[in-house]
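> Handing you this structure, nothing more for now.
The values are calculated or read from the model by the stated rules, or taken from the named source; none is laboratory data. In this text, all values refer to a predicted model and were calculated from it rather than measured experimentally. FYI the Cβ positions are ideal-geometry reconstructions off the backbone, even for glycines, and counts take in every protein chain you see. Note: accessible area is taken over every heavy atom of the protein model, side chains too, but ligands, DNA and RNA are not part of it. Shrake-Rupley method; radii C 1.70, N 1.55, O 1.52, S 1.80 Å.
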Amino acid sequence: AMHGWLDLPEDWPADSFALQARIRGVAVCPSSSFSLSRNARNGVRISISAPCSIDTVARGLDILARLAREKPRAGFSLV
């Protein structure tokens, strides 16, 4: 499937970002899911596979872009 990587700043942990994206209706995978070491890049993999429409893709990417511009808050951690 077509995919790309979104690198995140260090204060935005990839696991937390993926969780917040999921809450907003967009599923992405943290880079740690694809790494064999503990030193994985801090980012998420965005995979575009069989979208319903180009509007669906645009909506999902817009959600991710807005989320990436937010500063993570204390409530954004995984529990």
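> Taking interchain pairs and intrachain pairs at least six residues apart, which have beta carbon atoms under 8 angstrom, with the first residue in region 38-50 and within 11 Å of Asp7 (Cβ to Cβ) and β-branched (Val, Ile, Thr) and the second part of a strand (DSSP E or B) and open to solvent by less than 100 Å² (accessible area, probe 1.4 Å)?
Going by the 8 Å Cβ cut-off, the qualifying pairs are Val44/Trp5; Val44/Leu6; Val44/Cys29; Val44/Pro30.
> OK, next. Please go through region 35-76 and pick out each residue that is among the β-branched types (Val, Ile, Thr), touching a strand residue (DSSP E or B) at 6+ places or on another chain (Cβ under 9 Å) and either open to solvent by 60 Å² or more (accessible area, probe 1.4 Å) or modelled with pLDDT of 90 or more (or both).
Correct list: Val44, Ile46, Val57.
> So, in region 1-23, of the ones that are under 11 Å from the mean Cα position of the chain (by Cα) and not in a helix (DSSP H, G or I), which residue ends up nearest to Leu64 (Cα to Cα)?
Restricting to residues being under 11 Å from the mean Cα position of the chain (by Cα) and not in a helix (DSSP H, G or I), the top hit is Leu6.
> Is it the case, given these coordinates, that Val79 is at pLDDT below 95, of a type in the set (Val, Ile, Thr) and open to solvent by 60 Å² or more (accessible area, probe 1.4 Å)?
yes
> Suppose we filter region 12-34 for residues that are open to solvent by 40 Å² or more (accessible area, probe 1.4 Å) and at pLDDT below 90; how many remain?
Selection size over region 12-34: 3.
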